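Let me begin by presenting the structure, written as structure tokens, before commenting on it.
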Amino acid sequence: MARTQTDSELGQHDADEPRTPARAVSPSGTAEPQVELIGESAPMRALARQIDRVARSDVTVAIFGESGTGKELVARAIHQRGPRAGGPFVAINCAAIAESLQEAELFGHERGSFTGATHARPGCFEQANHGTLLLDELGEMSLSTQTCLLRALQQRAIRRVGGSTEIPLDVRVVCATQRDLRAEVESGRFREDLYFRLVVFPIEVVPLRDRREDVALLVDHALGVLEGGRRVRVRRDALDALEAYSWPGNVRELFNVVHRSILSCEGGEITAADLPAYVRQAPASAVVTPLAQIERAAIERALAACGQSVTKAAEMLGISRATLYRRVAQFRAEGGEAPPSVQRRPRVLLPSDAPKGQTSPGRIRRPSASRRRDYRAQQHRPE
């Protein structure tokens, strides 16, 4: 999903490795590679606009999305494009820390505060001072730690475990989760007041199956990252299989598959045979017929069934005659041929309506008796 990948999101190549370290710190003063989002689909363009809009502010951001979609990279992009880019970026995975240690990891601890605490240690909040703190997998945080987190956000200060001094901090908090936090609140597993404190600007990262047009770009990027000096390309049959696959593991799984295929291929070319069997055997994407094509076919069938009667066909289709004529005109305007039987009836011409030189009785339909009376009345109306 991005030009610079991390082990916590896209650079993992072995499914048996831990998903993400408990704590990752990018200290201030270090030049991190700039995060660049990969994708030209509408969801990716919308995501880029959201990041640009929120990065310049200091509002709390909540990033939602399935595992492997690149939520940490979105958080890094927000950090790098905002005024805190010169400060540290600290990421903590709440799911990788035991409940009894979550508070100490977040807020630090003093020496002797618990068994094994042989020296004082700053927590993630202190390490992220004047920077950004990412609370990854926030939905896995215990209720007791949620209470401490809420107080820290409200007071903009923390107290180390076993300490008695308030430490004021200036930290921007970004959280990420694959859980539905609103449902967690309703079930009582997540504090409602903390929810409203954290979910100020929500960002949804769509799964890869909903932006398959980006698969080719991501595969190309993965080759550049993973080929290790080899010149490898992907054949068309392999790319078709990759685009048809549903990617339940999202971008992380795609990198895993590409890495495996690089090692399996011969001659510097990845074919469909080099892909895992579950990718090759994935059902092809469903073919969807455009609505305009369905509508045209329905109109043609209705006219054929009604003996080309526009009135009966319109009744069968549940539309008016005028709507049917408009649809046919639309077909003609779009370059297609309209059904030949759908022609508007010629307008009844009165002698005054006929073009000059075309007033012979053979070229004018005889008006009805009522229209002749109206015409005579108009001719004898006094000026």
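The values are calculated or read from the model by the stated rules, or taken from the named source; none is laboratory data. These figures come from a predicted structure and were not determined experimentally. Neighbour counts are summed over all protein chains in view; Cβ atoms, including those assigned to glycine, are modelled from backbone coordinates with ideal geometry. Note: accessible area is taken over every heavy atom of the protein model, side chains too, but ligands, DNA and RNA are not part of it. Shrake-Rupley method; radii C 1.70, N 1.55, O 1.52, S 1.80 Å.
The distance between label points at Arg235 and Gln293 comes to 2.9 nm (points 7 Å beyond Cα on the Cα→Cβ vector). Applying both filters, DSSP loop and at most 13 other Cβ atoms within 10 Å, to the GluC sites (Glu not before Pro) of region 134-173 gives Glu166.
In this view, the solvent-accessible surface of Met316, computed with a 1.4 Å probe and all protein chains in place, comes to about 120 Å².
Fully extending the segment from Ser370 to Asp193 would add 56.0 nm, taking 0.36 nm per residue of separation and subtracting the current Cα-Cα distance. Summed over the residues of region 159-286 and divided among them, the accessible surface reaches 50 Å² per residue at a probe radius of 1.4 Å.
Spin-label model, Asp210/His119: points 7 Å from Cα along the beta carbon direction are separated by 4.7 nm.
Its Kirkwood hydrodynamic radius, worked out from the mean inverse distance over all distinct Cα pairs, puts region 222-327 at 17.5 Å.
Distance between the modelled labels on Arg151 and Met316, one decimal in nanometres: 7.6 nm (7 Å Cα→Cβ projection). Subtracting the Cα-Cα distance of Arg53 and Ser309 from 0.36 nm times their residue separation leaves 86.5 nm of extension gain.
In loop segments of region 190-246 as defined by DSSP, the trypsin sites (Lys or Arg not before Pro) with at most 15 further C-beta atoms inside 10 Å of their C-beta are Arg230, Arg231, Arg235. Rounded to 0.05, the FRET efficiency of the Arg81 and Thr323 pair, given R0 = 41 Å and the Cβ-Cβ distance, is 0.25.
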